[in-house]
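Chemist: Below you'll find the structure I mean.
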Amino acid sequence: MDRDLVDVVRRFNRTVTQRVGALDDGYLARDRPLAQSRLLWEIGPAGAEVAALRARLDLDTGYLSRLLRALEGAGLVVVGPADGDGRVRAARLTEAGHAEWALLDRESDALAWSMLAPLTDGQRGRLTAAMAQVQRLLMASLVGVEPCPPTDPRARACLRAYAGELAERFETGFELAPGDDGETGLFLVATLAAEAVGCGALRLAPDEPAEIKRLWVSRSVRGLGVGRRLLGELEQRARAAGAETVRLDTNRSLTEAIRLYRSAGYHEIPRYNANPYAHHWFAKRLDAPPTRTE
């Protein structure tokens, strides 16, 4: 990796941690550090399940427990059974916690304004636009991709969302054919904060090109390059399995998918299957030169 790029990221991290007060013992001039304040914010007026907090903040179970105990000790939070399900633990703000959350909200606004106030209107626009772009790119860096059994709840959730969206977008509707629900071959799932946000499958058959199936990305992360990443990972897996060519089909209504395939080096080929939902068939040589990335 380019050393200059690493140095830029490290300088940015140092500047941000100093500017937002992450190094202070008391965040926003309160008597608790940033980690406790962030957890208090995430619990919020509505409360939150402990498992959801762990996933959302990507915290170790032991560390999260220590943070919750600290907030409980300060009289700001109570942890107990969730409403309607005693097996699930939830955290809720006390009356003092609600008051502290409201103060944290006001102080966070004040901190944000302190960053913007010294700047001109043009500088403010550039800074907030850059922040929005950085936030989206950091989200992209938090997405993980890994193999997942098709029977796993995350995989099943992706396939349900995939089928549901295609049913909305296809002129004729859509239904997964029996036995064509990802039970065979390699299945990849993309996750963000433990939530499944994308998937893709690879079918390998003797004496045939590899085939990519069920490539889907949640609307919540579109534009972050997750689809391209899944596609590239499936190609690598096919190459590692000895495939020289990979192919796929798609429906004409999936214009963004068609653009992705073409920009990734796929070319149109004659129909190779009897898929009633397909209008375009694509293939790519896996020894082709790398294509552009976004």
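The values are calculated or read from the model by the stated rules, or taken from the named source; none is laboratory data. What you are looking at is a predicted structure, and each value in this text was computed from that prediction instead of being measured. Don't worry about glycine lacking a Cβ; one is built from the backbone with ideal geometry, like all the others, and counts go over all protein chains shown. Quick note on the areas: whole protein, heavy atoms, side chains included, nothing else; ligands and nucleic acids left out. Shrake-Rupley method; radii C 1.70, N 1.55, O 1.52, S 1.80 Å.
Chemist: At 0.36 nm per residue, minus the direct Cα-Cα distance, what do Ser65 and Leu5 gain on full extension? Give it in nm, one decimal, please.
Modeler: 18.0 nm
Chemist: Along the charge dipole of region 144-285, Cβ charges K/R +1 and D/E -1, which of Ala167, Val226, Ala243 sits furthest on the positive end?
Modeler: So the residue we want is Val226.
Chemist: Give or take rounding to whole Å, what are the principal axis extents of the alpha carbon atoms in region 107-177, in descending order?
Modeler: 60, 31, 21
Chemist: From the mean inverse distance of alpha carbon pairs (Kirkwood) and the Cα radius of gyration, derive Rg over Rh for region 3-118.
Modeler: Ratio of gyration radius to Kirkwood radius: 1.04.
Chemist: List the cysteines of the chain that have no other Cys Cβ closer than 4.7 Å: which are they?
Modeler: So far as the 4.7 Å Cβ criterion goes, Cys148 stand without a partner in the chain.
Chemist: Once Rh for region 144-285 is found with the Kirkwood sum over Cα pairs, what is the Stokes-Einstein diffusion coefficient at 4 °C and 1.567 mPa s, in µm²/s?
Modeler: Answer, rounded: 85 µm²/s.
Chemist: About the Cα centre of region 1-142, how large is the charge dipole given +1 on each Lys and Arg Cβ and -1 on each Asp and Glu Cβ? Please answer in debye to the nearest 20.
Modeler: Result for region 1-142 is approximately 340 debye, rounded to the nearest 20.
Chemist: Moving to a separate point now. Leaving ligands and nucleic acids out of the surface, order Thr120, Thr94 by accessible area at 1.4 Å, largest first.
Modeler: Thr120, Thr94
Chemist: From the convex hull of the Cα coordinates of region 65-153, what is the mean projected area in square nanometres?
Modeler: 10.2
Chemist: Mind checking the dipole of the chain: about its Cα centre, +1 per Lys or Arg Cβ, -1 per Asp or Glu Cβ, Debye to the nearest 20?
Modeler: The dipole magnitude comes to about 600 debye.
Chemist: Given the convex hull of the Cα atoms of the chain, what is a quarter of its surface area in nm²?
Modeler: 20.5
Chemist: Where does each of Phe187, Phe12 land when they are ordered by accessible area, with a 1.4 Å probe and the largest first?
Modeler: Phe12, Phe187
Chemist: Same structure, new question: What full-extension length gain, to one decimal in nm, is calculated for Ala117 and Ala167 as 0.36 nm per residue of separation minus the Cα-Cα distance?
Modeler: 13.1 nm
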